[in-house]
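Quick notes on the structure that follows.
Bear in mind that the values in this text are calculations on the coordinates, not laboratory data. The structure displayed is predicted, hence computed values, not measured ones. Cβ coordinates were reconstructed from backbone atoms using ideal geometry, including for glycine residues, and neighbour counts include every protein chain displayed.
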Amino acid sequence: MATYLNPGLTAFEEAVHSRIFVDKTEMMMHLNTVVRTKQKYVSVSRPRRFGKTMAADMICAYYDREADSRRLFEKCKLAGCAAVAMGDQLLQWDAYLGQFDVIRIVMTRFFKKQLSVQSALQKMQNAIIREIKKAYPEVDYADDEDLIQTLDDVYGDRDRQFVIVIDEWDAVFRVCPEDKPGQTEYLDFLRDLMKDNQHIALAYMTGILPIKKYGEHSALNMFTEYSMMAPRQLAPYTGFTEQEVETLCRRYAMDYGEVSNWYDGYIVSDQIPTNQREAYREGRYSGHKISIYSPLSVVEAMTTGVIRNYWNKTETYEALAEHIRMDFDGLKAAVALLMDGGRIRIDPSTYQNDMTTVHSRDDVFSLLVHLGYLGFDDETSEVFIPNKEILDEFKTSTKDKVWTEAFETFRASQELVKATWAKDAETVAALLEKAHDRAGNKTYNDETALSYAIQLAYYAAGKYYTVIPELDSGKGYADIAFLPSPRYPDIPALLIELKYNQTAETAMAQIKRRDYPERLAHYRGKLLLVGINYDRDAPNSDAGFKHHSCVIEEA
């Protein structure tokens with residue numbers, strides 16, 4: 001047994017013999033279906049503490065031709081798996097057990113701040129080549145410093161294929177965040193090491209971040225990605241499942257409900273079975289949705305008997321905190337909404353999968369999903385705080401004075417929503433006046449700016465509503481509609497019409513004249529009509545001076 005070549009089963013054996021071992025060996029059945037196929041490139045990204053290293057240890061123990069691990073896996077769930085049809089053959093659980101040379105690389109061992117990327121790569125290659133040459137001394141090697149050539153030499157001379165397992169594959173992007181040329185060199189190396197090379201039977205990479213997007217250097221496009229946003233067939237192995245946690249709670253006499261509140265909440269999607277896809281399209285199937293728990297926190301709670309926050313901040317979160325303080329696109333208000341139990345729709349497509357290219361609120365939230373600080377619903381593209389443990393982290397992180405104004409603004413927005421529900425037009429007008437003072441006059445120069453400012457004032461409504469600016473009624477466009485989320489079916493829909501330098505009554509008259517409520521007829525009896533006017537020229541010498549007026553009626 002060596003350090004890098006065929007590292008053996010010791011690490012996985014230690015996990016199996018630990019006080020708490022949750023058996024995830026069935027994952028090997030999926031990996032076996034991609035071995036020696038065009039899908040043999042697997043990239044798994046998960047937060048820290050979600051079992052990435054143990055999975056890598058398991059893969060090494062299974063495929064390592066020197067490990068003699070049958071006795072270990074025969075006692076695990078994998079041995080009970082039914083055979084999988086692959087073409088005209090049946091793939092048994094042990095089809096590739098002990099069939100390959102395994103190379104295990106932990107990238108953090110090589111990438112250090114004091115080393116260039118080039119030096120780190122050469123150091124890594126030298127270490128692995130040294131072990132390969134000891135294992136195969138009779139091979140005629142063409143280049144003592146080129147790992148790719150060395151693997152080709154072994155494959156050509158001995159017909160040996162390799163399983164390459166890379167842990168912390170994204171270390172270079174965290175250790176050398178500003179070294180763009182070095183990062184490109186690293187990606188090129190990985191591509192040349194693995195893509196279209198017959199010496200690879202399986203390539204398995206794991207890290208916190210998905211594969212870096214680098215224009216043409218999205219050069220690892222041969223990899224299938226299994227991430228927190230799209231774990232695909234590996235969804236059940238992303239964390240602990242409900243059934244697994246229920247079993248642990250019974251064994252350790254823990255309150256399952258409380259454990260669930262603290263550590264559950266990550267919703268991931270497995271593949272949809274072929275025979276259920278029509279039912280899924282018709283909204284009759286959701287069995288592919290899996291609720292995932294934070295593994296290390298559950299283990300800590302089981303072993304100590306104490307349910308509390310076991311999350312440990314890392315350098316990755318500290319780097320991200322600076323982006324949050326920059327307040328991209330109203331980021332602080334958005335965080336306040338999430339902490340209040342709301343959900344926010346994001347577009348993750350712009351995120352570049354690194355720690356430095358973060359230019360928008362959606363980029364920040366996408367990164368938070370990959371770090372485990374937010375859950376992600378892939379069907380609605382919404383982010384949310386998954387559980388009490390993570391909420392506790394947000395509360396700790398937002399105690400700084402820079403958050404005071406953001407939370408005060410959000411509390412005022414909550415009051416505005418409640419006053420609207422109560423049909424308290426006078427309070428609504430007063431709260432809009434305060435929001436106006438915070439926003440500044442430049443947000444009220446015309447009706448378009450007024451609409452934007454009113455939406456900001458109603459920010460807290462995002463917890464309960466889908467916001468639709470310019471709702472087409474068939475006879476015109478209502479300025480803003482707030483449609484209740486399915487999670488809050490008992491609250492009223494809101495239809496808001498805005499006027500500029502006119503009257504709130506004029507706004508209400510337009511709502512009725514153009515019959516805007518007809519567009520929302522299915523909300524009849526649970527629909528509030530809100531007319532709002534902003535009077536730019538209201539004299540501030542009046543005792544009752546205010547720019548805003550409001551009327552609210554039921555429909």
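For the chain, build the charge dipole from Cβ charges (+1 Lys, Arg; -1 Asp, Glu) around the Cα centre, then report which of 139, 457, 95 sits farthest towards its positive end.
Ranked along the dipole, the leading option is 457.
How large is ³J(HN,Hα), in whole Hz, for each residue of segment 239-245 in order, when computed from phi with the Karplus curve 6.51 cos²θ - 1.76 cosθ + 1.60 and θ = phi - 60°, using x for Gly and Pro?
Each residue of segment 239-245 in turn: x, 7, 8, 4, 4, 5, 6 Hz.
From the backbone phi of segment 225-233, what are the Karplus-calculated ³J(HN,Hα) couplings (6.51 cos²θ - 1.76 cosθ + 1.60, θ = phi - 60°) in whole Hz, Gly and Pro given as x?
9, 10, 10, 5, 7, 8, x, 6, 5
Wrap a convex hull around the Cα atoms of segment 1-120, take a quarter of its surface area, and give that in square nanometres. Walk me through the numbers before you get to the answer.
On the way: hull surface 36.8 nm².
Value for segment 1-120: 9.2 nm².
Pop a pseudo-label 7 angstrom from the Cα along the beta-carbon direction at both residue 88 and residue 394 and give the gap in nm to one decimal.
Calculated label separation equals 5.7 nm.
Could you size up the charge dipole of segment 10-226 around its Cα centre, putting +1 on the beta carbon of Lys and Arg and -1 on that of Asp and Glu, and report it in debye to the nearest 20?
1040
How big is the dipole moment of the chain about its Cα centre under a simple scheme where the beta carbon of each Lys and Arg is +1, that of each Asp and Glu is -1, and everything else is neutral? Debye, nearest 20, please.
The calculation lands at about 900 debye.
Enter the Cα centre distance for the pair segment 448-511 and segment 62-134, rounded to the nearest angstrom.
Segment 448-511 and segment 62-134 have Cα centres separated by 57 Å.
Which entries in 418/499; 113/395; 395/499 show an alpha-carbon gap greater than 28 Å?
Over 28 Å Cα-Cα: 113/395; 395/499.
Using only Cα atoms, figure out Rg for the chain and give it as a multiple of 2.2 N^0.38 Å.
1.18
For residue 66 and residue 146, calculate 0.36 nm times their separation in residues minus their Cα-Cα distance, and state this gained length in nm to one decimal.
Extra length available between residue 66 and residue 146 comes to 26.4 nm.
Which value results for Rg/Rh of segment 240-304 when Rg is the Cα radius of gyration and Rh the Kirkwood radius based on the inverse mean 1/r?
Numbers: Rg = 14.7 Å, Rh = 13.1 Å.
Result for segment 240-304 is an Rg/Rh of 1.12.
Ranked highest first by average number of other Cβ atoms within 10 Å, how do 419-428, 111-120 line up?
Taking the mean over residues of other Cβ atoms within 10 Å, the ranking is 419-428, 111-120.
How big is the shadow of the Cα convex hull of segment 315-399, averaged over all directions, in nm²? Write down the numbers at each step before the final one.
Values: hull surface 20.4 nm².
The orientation-averaged projected area of the Cα hull of segment 315-399 comes to 5.1 nm².
Taking amide H atoms as placed 1.01 Å from N in the peptide plane, list the residues 5 or more away in sequence, or in a different chain, whose amide H sits under 5 Å from that of residue 67.
none
Using every Cα-Cα pair within segment 10-226, state what percent have a distance larger than 21 Å.
Counting pairs separated by more than 21 Å, the tail of P(r) holds 57 percent.
Apply the Karplus parameterisation 6.51 cos²θ - 1.76 cosθ + 1.60, with θ equal to phi minus 60°, to every residue of segment 32-45 and state each ³J(HN,Hα) to the nearest whole Hz, in sequence, with x for glycine and proline.
Here the 3J(HN,Hα) series is 4, 6, 9, 4, 6, 10, 5, 9, 6, 9, 10, 10, 10, 10 Hz.
Between residue 277 and residue 449, what length comes free when the chain is fully extended (0.36 nm per residue of separation minus the Cα-Cα distance, one decimal in nm)?
Full extension from residue 277 to residue 449 adds 57.5 nm.
Among 10, 551, 42, pick out the residue whose Cα is farthest towards the positive end of the charge dipole of the chain, where Lys and Arg carry +1 and Asp and Glu carry -1 on C-beta, about the Cα centre.
551
Go through 367, 394, 381 and say which Cα lies farthest out towards the positive end of the charge dipole of segment 341-402; charges sit on Cβ, +1 for Lys and Arg, -1 for Asp and Glu.
My answer, from the dipole projection, is 394.
Compute the helix-to-body angle for 52-63: its Cα long axis versus the longest principal axis of the chain, expressed 0 to 90° and rounded to tens.
Value to nearest ten degrees: 30.
Below 20 Å, Cα to Cα, which lysines can residue 52 reach? Residues fewer than 8 away in the same chain don't count.
24, 40, 77, 212, 313
What does the highest-first list of 523-535, 164-176 look like by mean Cβ count within 10 Å?
Values: 523-535: 19.8, 164-176: 23.1.
With the highest mean Cβ count within 10 Å placed first, the list reads 164-176, 523-535.
Give me the extension gain from residue 221 to residue 119: residue separation times 0.36 nm, minus the current Cα-Cα distance, reported in nm with one decimal.
34.2 nm
What order, most packed first, do the peptides 35-43, 398-406 have when packing is the mean number of other Cβ atoms within 10 Å of each residue? It would help to have the intermediate numbers written out before the result.
On the way: 35-43: 17.0, 398-406: 12.6.
Ranking the peptides 35-43, 398-406 by packing returns 35-43, 398-406.
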